[in-house]
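Peer 1: Starting off with a structure, shown below.
The values are calculated or read from the model by the stated rules, or taken from the named source; none is laboratory data. All values reported here derive from a predicted model rather than from experimental measurement. Reconstructed Cβ throughout: ideal geometry from the backbone, glycine too, with neighbour counts over all protein chains shown. The protein model used for the area step is the full one, side chains on, heavy atoms only, and it has no ligands, DNA or RNA in it. Shrake-Rupley method; radii C 1.70, N 1.55, O 1.52, S 1.80 Å.
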Amino acid sequence: MSQTLNSAKLGNFITSFTELIDSNPSEVNVLTNGVGILQDLVAADDWLPEEYARPHPQYYQQFLLHLDPQERFSVVSFVWGPGQITPIHNHTVWGLIGMLRGAEYSQSYALTPQGTLQADGEPIKLEPGKVEAVSPYIGDIHQVRNAFDDKVSVSIHVYGANIGKVSRSVLYEDGTKKDFVSGYSTITNK
Ligand code: FE
């Protein structure tokens with residue numbers, strides 16, 4: 001572990017989020033109350049171990065930081081190399097995205113009555129300390145990219161399942177889709 005780790009912050013976050021989930025909240029309740037808990041975690045960029053913030057030259061990385069023992073939620077660090085971008089995808093469960101370092105753009109998509117995909121509004125820029133929500137209920141389809149072509153960005157994601165094992169979809173503008181399971185990235189020692 002790196003010396004800069006302030007594990008108390010992640011520990012406090014996990015304790016608070018577990019308490020929230022233990023209360024059997026509705027999805028609206030999770031998203032409403034979870035935002036503040038995640039905002040506290042991403043308020044300062046001084047706790048994430050370096051090995052969980054390491055970019056890959058080719059692929060954006062998703063490192064598992066915590067899996068609830070009952071798999072009711074999972075927490076990952078999402079690490080963007082310069083210029084990296086996701087395909088258009090869904091989540092199928094609620095998700096909270098808190099920006100820790102750098103910035104990212106999220107473009108929402110909606111299905112048209114014809115079954116094709118259409119950009120829904122302008123891209124949202126997420127800056128450090130800000131939190132955004134996704135869910136099948138409020139809008140679950142988006143494409144995300146690093147806002148920077150010349151530096152790494154990192155966001156912290158919380159999902160309402162063991163997200164690395166969830167079967168979900170990459171979607172195309174013509175309305176076709178492809179199933180995928182994201183898995184988790186492997187921590188490597190330098
Ligand atoms: Fe996403």
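Peer 1: Taking interchain pairs and intrachain pairs at least six residues apart, which have beta carbon atoms under 7 angstrom, with the first residue in the stretch 121-136 and in contact (Cβ under 8 Å) with a residue 24 or more places away in the chain and farther than 15 Å from V158 by Cβ and the second within 15 Å of the ligand (Cβ to nearest atom) and assigned to a strand (DSSP E or B)?
Peer 2: E127/M99; P128/M99; G129/M99
Peer 1: Going by the structure shown, is G129 assigned to a loop (DSSP other than H, G, I, E, B) and closer than 19 Å to L41 by Cβ?
Peer 2: In short, yes.
Peer 1: Let me ask something additional. Find all pairs meeting these conditions: Cβ atoms under 7 angstrom apart; at least six residues apart or on different chains; first residue within the stretch 79-103 and within 14 Å of E127 (Cα to Cα); second residue near the ligand (Cβ under 10 Å from one of its atoms) and open to solvent by 20 Å² or more (accessible area, probe 1.4 Å).
Peer 2: From the stretch 79-103, the pairs are I97/E132.
Peer 1: Select from the stretch 149-190 the residues that are touching a Ser or Thr at 6+ places or on another chain (Cβ under 7 Å) and open to solvent by 80 Å² or more (accessible area, probe 1.4 Å) and write down the one among them that is farthest from Q118 (Cα to Cα).
Peer 2: That would be V181.
Peer 1: Could you identify the single residue in Q70, Q58, Q39 that is away from the ligand (no atom under 12 Å from the Cβ), free of Cβ contacts under 8 Å to residues at least 24 places away in the same chain and more than 19 Å from N162 (Cβ to Cβ)?
Peer 2: Q58
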